[in-house]
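Below: one structure, written as structure tokens.
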Amino acid sequence: MFDVIISGGGPTGMMLAGELRLQGVDVLVLEKDAEPSNAVRSLGLHPRSIEIMDQRGLLDRFLALGQQYPGGVGRFAGIEKPLPVNLDTAHAYILGIPQPVTDRLLAERAVELGAQVRRGCEVTGFEQDGGGVSVELADSTRLRSSWLVGCDGGRSLVRRLLGIGFPGDPATNEWIHSEMEVTTPPDELAAVVDEVRKTHRGFGVGPAGNGLYRAVVPAATVAEDRAVPPTIEELRTQLRAFAGTDFGIHSPRWITRFTDATRLAEQYRDGRVFLAGDAAHVHPPLGGQGLNLGIQDSFNLGWKLAAEVNGWAPQGLLDSYHAERHPVAADVLTITRAQSELISPEPGPQAVRRLLAELMDFDDVSRFLAERISSIGVRYDFGEGPELLGRRLRDIPLSRGRLYELTREGRGLLLDQTGKLSVTGWADRIDHVAVTSTELDAPAVLLRPDGHVAWIGEDQDGLLPYLKRWFGTATGGASELRTH
């Protein structure tokens, strides 16, 4: 019997598997595709996702294979503005990296930590009871786990079998997305694309590296069955319709479709089963939010589910996953839908676009939008308290080293500038570190394993309720104060 079975081996599932394995949880990832997909559905990581990779010691792997684009953080609906001044992150850039590379790096990390991954294994059903979940595969194999997490995409079987509502707006527009070779000379192709984009911002064809080109082209209609991939003839037809030429495309590496459907699961948990990533939310691709939102779901859920498996989760901790992440997804759906409207060539949306472009010249407006897109502005509702309460803490320099070097193991962290506090009884879950930092404007800060601020203060009596709220009952063990 496994502790956790994850249905879906994309970035959300692999990120979650790694987070669970950090805490010694027995994890099995089931992925229906026999081989990893080479389709580039996402082109990069946003600042909060980059921070997450840094928090877990993975960032060097990503930086070695990606390209930093500082200007990307200041872009909304394709409107490019200078980077907001003093954006609250040490990683104020978009990291351009194709999704297959992100998928591979996260899968390698999960396996390194001991996760089991079975490809070519399709989940076809499950039943849950008070003791766990029985999962059935397409070959009639049955597996048993204590918990199941559906990371199986927008057409999630797990969500459908749970009967969880998925309300929202159906697709009204569709785009064909492909990577292929072309015969048209680069300068000629670029000139034609530039002319088309003056009136059709949802159109694009450009170099993807290694002699390949990537195309995004509006489809003629919304497909009845999105599971059926478009053909190269459909792509050629649409290229001719918009550009007057198909650029001599041939030898496609992959062709897929995406739409502007916007839906949000009514709940993220049903008993022993959870939803994460696209299984919980789908939205237009404007702003590149999807992959990042799924990674951040897993970062929130992983330590909480591990706490439950390991026996120390306080009451309500698992339910806080929905309470915290559902509003974040709702906000992302709003801003992606807004961006999708702003690329319309119709006069009304274009008027709003021009007005927004002027407003973005104000630093406060630009910062507001950048924080929304990058997710560094997320604040979970932990109740009344200082402005920092509920927010993630940016990477800050300490007397020796920096904050994110202390977060590699996915444990709680008490940053103590007083030298008077203690986490005795919780030392198996929390690291207590004496620090000095000119950028930590608080006597002491308690961080959850996901880096969000759970308490700020200097009094032991004030700290104790928050230790219990987020880290459960004290179980003994002396607190060791380390200096950093």
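Restricting attention to region 294-334, the residues that are of a type in the set (A, V, I, L, M, F, W, C), without any contact (Cβ under 8 Å) to a residue 60 or more places away in the chain and in contact with a strand residue (DSSP E or B) (Cβ under 8 Å, 6 or more places away or on another chain) add up to 2.
Within region 295-333, track down each residue that is buried (at least 22 other Cβ atoms within 10 Å of the Cβ) and among the β-branched types (Val, Ile, Thr). Ile295, Val332 - these are the residues of region 295-333 that are buried (at least 22 other Cβ atoms within 10 Å of the Cβ) and among the β-branched types (Val, Ile, Thr).
Looking only at region 63-77, which residues are farther than 13 Å from Glu371 by Cβ and either of a type in the set (Gly, Ala, Ser) or part of a strand (DSSP E or B) (or both)? Of everything in region 63-77, those that are farther than 13 Å from Glu371 by Cβ and either of a type in the set (Gly, Ala, Ser) or part of a strand (DSSP E or B) (or both) turn out to be Ala64, Gly66, Gln67, Gln68, Tyr69, Gly71, Gly72, Arg75, Ala77. Residues in region 60-74: is at least one touching a Ser or Thr at 6+ places or on another chain (Cβ under 9 Å) and hydroxyl-bearing (Ser, Thr, Tyr)? No: zero hits. Any chance region 253-262 includes a residue that's buried (at least 18 other Cβ atoms within 10 Å of the Cβ) and within 30 Å of Trp303 (Cβ to Cβ)? Yes - at least one qualifying residue is present in region 253-262.
Does Ser7 satisfy being in the same structural domain as Ala306 (by TED's automatic domain parsing), buried (at least 20 other Cβ atoms within 10 Å of the Cβ) and polar (S, T, N, Q)? Yes, satisfied. Considering region 212-292, the qualifying strands (runs of 3 or more DSSP E), each wholly inside and each with 2 or more residues that are touching a Gly at 6+ places or on another chain (Cβ under 6 Å) and over 17 Å from Ala39 (Cα atoms), run over 262-264. Is at least one residue of region 32-55 in a strand (DSSP E or B), acidic (Asp, Glu) and either touching a helix residue (DSSP H, G or I) at 6+ places or on another chain (Cβ under 8 Å) or crowded, with 23+ Cβ neighbours inside 10 Å (or both)? For region 32-55, residues in a strand (DSSP E or B), acidic (Asp, Glu) and either touching a helix residue (DSSP H, G or I) at 6+ places or on another chain (Cβ under 8 Å) or crowded, with 23+ Cβ neighbours inside 10 Å (or both): absent.
Every condition in (1) in a strand (DSSP E or B); (2) at pLDDT below 95; (3) not charged (D, E, K, R) is met by Leu369 except one, and the failing one is (1). The residue that is farthest from Lys304 (Cα to Cα), among those in region 423-477 that are of a type in the set (Val, Ile, Thr) and surrounded by fewer than 17 Cβ atoms within 10 Å (Cβ to Cβ), is Thr438.
Give me the strands (runs of 3 or more DSSP E) completely within region 375-484, filtered to those with at least 2 residues that are under 30 Å from Thr334 (Cα atoms), ordered by residue number. Let's see the steps before the verdict.
Values: elements: 412-416, 430-434, 444-447, 453-457, 481-483.
Counting at least 2 such residues, we get 453-457.
Candidates are the residues of region 314-348 that are acidic (Asp, Glu) and under 21 Å from Gly78 (Cα atoms); the one that is nearest to the chain's Cα centre (by Cα) is Asp331. Exactly one residue among Gln55, Gln68 is modelled with pLDDT of 95 or more, assigned by TED's automatic domain parsing to the domain that holds Ser298 and not charged (D, E, K, R), and that residue is Gln55. For beta carbons closer than 6 Å, sequence separation of 6+ or different chains, a first residue in region 337-362 that is closer than 26 Å to Arg263 by Cα and a second that is part of a loop (DSSP other than H, G, I, E, B) and among the aliphatic types (A, V, I, L, M), the qualifying pairs are Gln339/Ala77; Gln339/Leu286; Ser340/Leu286; Leu342/Ala77.
Restricting attention to region 211-251, the residues being more than 21 Å from Pro98 (Cβ to Cβ) and of a type in the set (Val, Ile, Thr) number 6.
Going residue by residue through region 118-139, is there one that turns out to be within 15 Å of Ile6 (Cα to Cα), within 19 Å of the chain's Cα centre (by Cα) and either assigned by TED's automatic domain parsing to the domain that holds Leu65 or not aromatic (Phe, Trp, Tyr) (or both)? No, region 118-139 has no match at all. Kindly check whether there is at least one residue in region 344-365 that is of a type in the set (Ser, Thr, Tyr) and buried (at least 18 other Cβ atoms within 10 Å of the Cβ). Looking for residues that are of a type in the set (Ser, Thr, Tyr) and buried (at least 18 other Cβ atoms within 10 Å of the Cβ), one finds none in region 344-365, hence no. Comparison of Gly316, Gly311, Gly348 shows that the only residue that is assigned to a loop (DSSP other than H, G, I, E, B), out of contact with any Gly (no Cβ under 9 Å at 6 or more places or on another chain) and farther than 22 Å from Thr12 by Cα is Gly316. Pairing each residue of region 31-55 that is without any contact (Cβ under 8 Å) to a residue 40 or more places away in the chain with any residue that is assigned to a helix (DSSP H, G or I), provided the two are 6+ apart or on different chains, yields C-beta distances under 6 Å for Met53/Leu59; Met53/Phe62.
Residues that are in a loop (DSSP other than H, G, I, E, B) and in contact with a strand residue (DSSP E or B) (Cβ under 7 Å, 6 or more places away or on another chain) within region 201-211 comprise Gly202, Phe203, Gly211, listed in sequence order.
Among the residues of region 442-456, those that are touching a Ser or Thr at 6+ places or on another chain (Cβ under 9 Å) and under 14 Å from Asp416 (Cβ atoms) comprise Pro443, Ala444, Leu447. Taken over region 236-259, the residue count meeting the criterion of being in contact with a Lys or Arg (Cβ under 7 Å, 6 or more places away or on another chain) and either free of Cβ contacts under 8 Å to residues at least 60 places away in the same chain or among the aliphatic types (A, V, I, L, M) (or both) is 2. Only residues that are within 19 Å of Arg160 (Cβ to Cβ) and touching a helix residue (DSSP H, G or I) at 6+ places or on another chain (Cβ under 7 Å) were counted across region 256-307, and they come to 19.
The values are calculated or read from the model by the stated rules, or taken from the named source; none is laboratory data. Just so we're clear, the structure is a prediction, and the values are computed from it rather than from any experiment. Note that we place each Cβ from the backbone using ideal geometry, even for glycine, and neighbour counts take in every protein chain shown.
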